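Here the structure comes first, spelled out in structure tokens, and everything after it is commentary.
None of the figures in this text is laboratory data; all of them are computed from the coordinates on show. What you are looking at is a predicted structure, and each value in this text was computed from that prediction instead of being measured. Neighbour counts are summed over all protein chains in view; Cβ atoms, including those assigned to glycine, are modelled from backbone coordinates with ideal geometry.
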Amino acid sequence: LPPPAGMPVGSPGPAATDTHWRRRHAASPIVNGLDMVARLTPLAIVAVFNGGGAGLLLILPLAVVAVSSVLRHLRYTYLLETDRLTVRSGVFVQQQRTIPADRVQQVSVHRKLRHLVLGVADVSIESAGAGTDPEVRLSSLGLEEAERVRAIMSAGRRHNTTSTADQAAAASTP
């Protein structure tokens, strides 16, 4: 997919970055579907104990979960460059967020049991001024891709820390 109108792609940096929009791992709909099924478990329990029509009450939410998981996967793309990460998401309303690498405070990679089984990981990126929740959570990335995102965004964070330290040292020098 081409970048959105008015979004410069920037010069190709080291081999670790590229200039094309990426999707999450193909297992992403499964991981997201499992999360949604876990949220629907109370409804399933009520449907089973309710009796009549329980089959429809179980099949309909599962169909909705399957379709919405695939749509969310197809409508979630990201572009990783040496100086920023841009994420586009949204099934009905498209949103775009750009996180400059020099604003990144922390990058962490998480793997729960379902991630271990499917060979994927989640990457959480926290930036200055984002509050307590991560500004971006890239869920269900392949392991190599998760490590690539962590390395590039962490390099931007280290560059920012070094620049700030250099500025402070220069300011304190008479």
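Using a 7 Å offset from the Cα along the Cα-to-Cβ direction at both V64 and L40, what is the distance between the two label points in nm, to one decimal?
The modelled label-to-label distance comes out at 0.8 nm.
In terms of the Cα gyration tensor, with a ≥ b ≥ c the square roots of its eigenvalues, is the stretch 110-151 rounded because a/c is under 1.5, prolate because a/b exceeds b/c, or oblate?
Since a/c reaches 1.5 but b/c is at least a/b, the shape of the stretch 110-151 is classed as oblate.
Using a cut-off of 11 Å between beta-carbons, work out the net charge of the residues near L74 (Lys and Arg +1, Asp and Glu -1, L74 not included). Mind showing how you got there, number by number?
Working: positive: R23, R24, R72, R75; negative: none.
Summing Lys and Arg as +1 and Asp and Glu as -1 gives +4.
Per q in 0.22, 0.25, 0.27, 0.29 1/Å, what log10 I(q)/I(0) does a Debye calculation on the alpha-carbon atoms of the stretch 68-117 return?
Result of the Debye calculation: -0.95, -0.98, -0.98, -0.99.
How about the stretch 66-124: which chymotrypsin sites (Phe, Trp or Tyr not before Pro) there are in a DSSP loop, with at most 13 other Cβ atoms within 10 Å of their Cβ?
Answer in residue order: F92.
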